[in-house]
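Engineer: Mind looking over this structure? Questions follow.
Only the coordinates and a few stated rules stand behind these numbers; no lab work does. Because the structure is a prediction, the values reported are computed rather than measured. Reconstructed Cβ throughout: ideal geometry from the backbone, glycine too, with neighbour counts over all protein chains shown.
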Amino acid sequence: MTVDPTQPSPRHPRLPRSRQLVLALILPLAACADSTSTMQLYPLSGEIAEANPTLVIRATARNTSGTSGPLAFRIPKRGKCTGTWTSLTPRVVSNSQGLALTWKKTGGEVGVKRETVAGVNNGEIYAVCDDGTRVQGTFVVGSGTASGTGQATDTNGNVYKLLF
């Protein structure tokens, strides 16, 4: 039995060139996809808590694999609110220089090393609603996670528990 190298094997059929091109374009875009997380704002006090103490306001935070990103949610009677969340991730920076006498590194060594420190990071949210209401809050988040807790207030006297 002779095998023709220009023909696809029955076990591994070749994709048409158009499909190969589509896959080549889509795969890198999928790798760059935005990571999102949902934050919940629970009204603790103020007019919203008095009107509906069981209300949960769901906020969508984008780019949660990074250290900041856009934030969007809706407050009853206030409309859509958009803003930013940000988290401060501490880093350790060390500089090195000198002579290295090892088999792997012979000669001088100069460089900078940066690494993220595990622990609890502080963050903030700030958003402005359609009616001009401003929402501002702080939270703490564990390093390397997209979960945390905090508190937020708005310019109408509402206080919220922030969980994500």
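Engineer: Taking other Cβ within 10 Å of each residue's Cβ, how do VAL56, VAL141, VAL128 sort, fewest first?
Structural biologist: VAL56, VAL128, VAL141
Engineer: Tally Lys/Arg at +1 and Asp/Glu at -1 over every other residue whose Cβ is under 13 Å from the Cβ of LEU41; what's the total?
Structural biologist: Net local charge, LEU41 excluded: +3.
Engineer: Length gain on complete extension for the stretch ALA49 to THR67, per 0.36 nm per residue less the alpha carbon to alpha carbon distance?
Structural biologist: Working it through step by step, the gained length comes to 3.4 nm.
Engineer: Give, as ranges by residue number, the residues of segment 133-164 whose backbone N falls under 20 Å from the point 7 Å along Cα→Cβ of LEU88.
Structural biologist: Hits in segment 133-164 for LEU88 at 20 Å: 136-153, 162.
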